[in-house]
Amino acid sequence: MSDPIRKQTNSALWLGLVITVLGILSNLLYFSKFPAAALPWLNLTLPAIGLIFLLIGLVRAFGQSQIYRGRIWGSIAAVLAVLFLAASAWLFVQVRSVPRSAGAPQVGQRVPDFTLPDSNGQPVALAQLFAASPGMPQPKAVLLVFYRGYW
């Protein structure tokens, strides 16, 4: 009797699946103190890399089916990775499309006067910032910086 050839584990499929799952789990980093600027790119890059490995594994599984296994579950994992990558790309675009505010001032338009507390808790009016200090010329512009939290 001939000994049947034992098929090898398709490591590219497993690696692609692990990287894709890491891409899904990277969405949880929004709730940590991870730098937010890198997160959208990380959430797009990991599923794309995982999909590449899954496609390499599928080429192995279908092209060399006598050596590698994983045709069925690799196909399912690749379809799920494509769906996840498409959802991540859609969210990446949607998050950046912020609707225009109807009441926001336009460039060059004078802002109505308002009063806000400064970092010491003292009220400061916009008109105070435009007032000329003794011996100094009247300012032409004011840069307002709004920050969240306390330092």
Q: Would you kindly derive the ³J(HN,Hα) couplings of region 126-134 from the backbone phi angles with the Karplus curve 6.51 cos²θ - 1.76 cosθ + 1.60 (θ = phi - 60°), listing them in order in whole Hz, with x for Gly and Pro?
A: 4, 4, 5, 6, 8, 6, 6, 7, x
**Q.** Residue-averaged [θ]222 nm for the chain, counting only DSSP H segments that reach four residues, each worth -39500 (n - 2.57)
**A.** -16000 deg cm²/dmol
**Q.** Rel. contact order, % - alpha carbon contacts under 8 angstrom, at least six apart, region 1-146
**A.** 20
Q. Roughly how many percent of the accessible protein surface of the chain is carbon and sulfur, given a 1.4 Å probe and a whole-percent answer?
A. 67
Q: Pick out which of A37, A125, A81 has the largest mean-square fluctuation in a Gaussian network model of the chain, springs linking Cα atoms closer than 10 Å.
A: A125
Q) Of G16, G103, G74, which is the most mobile in a GNM of the chain whose springs link Cα atoms less than 10 angstrom apart? A) G103
Q | Heavy atoms of W41 accessible to a 1.4 Å probe, total area in Å² rounded to 10 | A | 140
Q | Answer label, with Rg/Rh (Cα atoms, Kirkwood Rh) calculated from the coordinates and candidates (1) 1.34; (2) 0.95; (3) 1.03 | A | (1)
Q. Accessible area of Y147, 1.4 Å probe, to the nearest 10 Å²?
A. 110
Q: Write down the accessible area per residue of the chain in Å², having rolled a 1.4 Å probe over the full set of protein chains.
A: 80
Q | Using θ = phi - 60° and Karplus 6.51 cos²θ - 1.76 cosθ + 1.60, couplings along region 26-40 (whole Hz; Gly, Pro as x) | A | 5, 5, 6, 5, 4, 8, 10, 9, 5, x, 5, 5, 8, 4, x
Q) Which angle from 0 to 90°, rounded to the nearest 10, does the C-alpha axis of helix 11-25 make with the longest principal axis of the chain? A) 30
**Q.** Simple label model, 7 Å out from Cα along Cβ direction - V107 to K33, nm
**A.** 3.7
Q. Rounded to the nearest 20 Debye, what is the dipole magnitude of region 59-132 about its Cα centre when Lys and Arg each give +1 and Asp and Glu each give -1 at the C-beta?
A. 640
Q: Set the Förster radius R0 to 41 Å, insert the Cβ-Cβ distance between M136 and A48 as r into 1/(1 + (r/R0)^6), and round the FRET efficiency to 0.05.
A: 0.15
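The values are calculated or read from the model by the stated rules, or taken from the named source; none is laboratory data. Please read all numbers here as calculations on a predicted model, not as lab measurements. Counting neighbours? That spans all protein chains shown, and the Cβs are built from the backbone with ideal geometry, glycine included. Just the protein is used for accessible areas: all its heavy atoms, side chains included, with ligands, DNA and RNA removed. Shrake-Rupley method; radii C 1.70, N 1.55, O 1.52, S 1.80 Å.
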